[in-house]
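Student: Got a structure here, written out as structure tokens. Questions coming.
The values are calculated or read from the model by the stated rules, or taken from the named source; none is laboratory data. All of these numbers come straight from a predicted model, not from anything done at the bench. Every residue, glycine among them, receives a Cβ derived from its backbone with ideal geometry; neighbour counts consider all protein chains shown.
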């Protein structure tokens, strides 16, 4: 489903990540840092396979899943109407995962990379990108803000994705500022706050919009 340009872009990213892991493999420690706490310090460890290959393989899995899901969606025709936005969303997610993997590899071989801060900043950029693309999403069962209310009413879907896009962009900008300007503990906590604000706000608004759209409808409507 993805356009040729996005296919090539994702293939280059994933192949580059796997090649980087192969080149650095002899230098990687047996136990690699895989998780950073709120204070920016490592608090989780894993083997070389997990530390070097998990994120590229996850990116590859997301890409594969993104190709399959539209084909089995009952409203698959709507994917053609939002193909550009869908392609950019998946490519952005792959970019985020590959970039984080590169930062983890650099940290594992001794470079002083602030992985937790970069992860927060990358998440902020991703939220801004997704927020700008969200209003272009058309009703479907896999991609977008899928609540009982958006899935039951196309006008509620449209309204929710417009407002959800604003919320996501605002959360992303706030998270980006926090990641660049605040201590690691604050920037890491900001990831959670941003996700809750964008996610919960969109969900609540979808219900409010549904109530407004269906107000006055009788049982037979």
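Student: I'm checking my understanding of the structure. Among residues of region 9-39 that are surrounded by 16 or more Cβ atoms within 10 Å (Cβ to Cβ) and in a loop (DSSP other than H, G, I, E, B), which one is modelled with the lowest pLDDT?
Tutor: So the residue we want is 38.
Student: Among the numbered conditions (1) over 25 Å from residue 189 (Cα atoms); (2) surrounded by fewer than 20 Cβ atoms within 10 Å (Cβ to Cβ), tell me where residue 86 comes up short.
Tutor: Looking at each condition in turn, residue 86 falls short on (2).
Student: Next up: Any idea which of (1) touching a strand residue (DSSP E or B) at 6+ places or on another chain (Cβ under 9 Å); (2) surrounded by 20 or more Cβ atoms within 10 Å (Cβ to Cβ); (3) under 18 Å from residue 191 (Cβ atoms) is the one residue 55 doesn't satisfy?
Tutor: (1)
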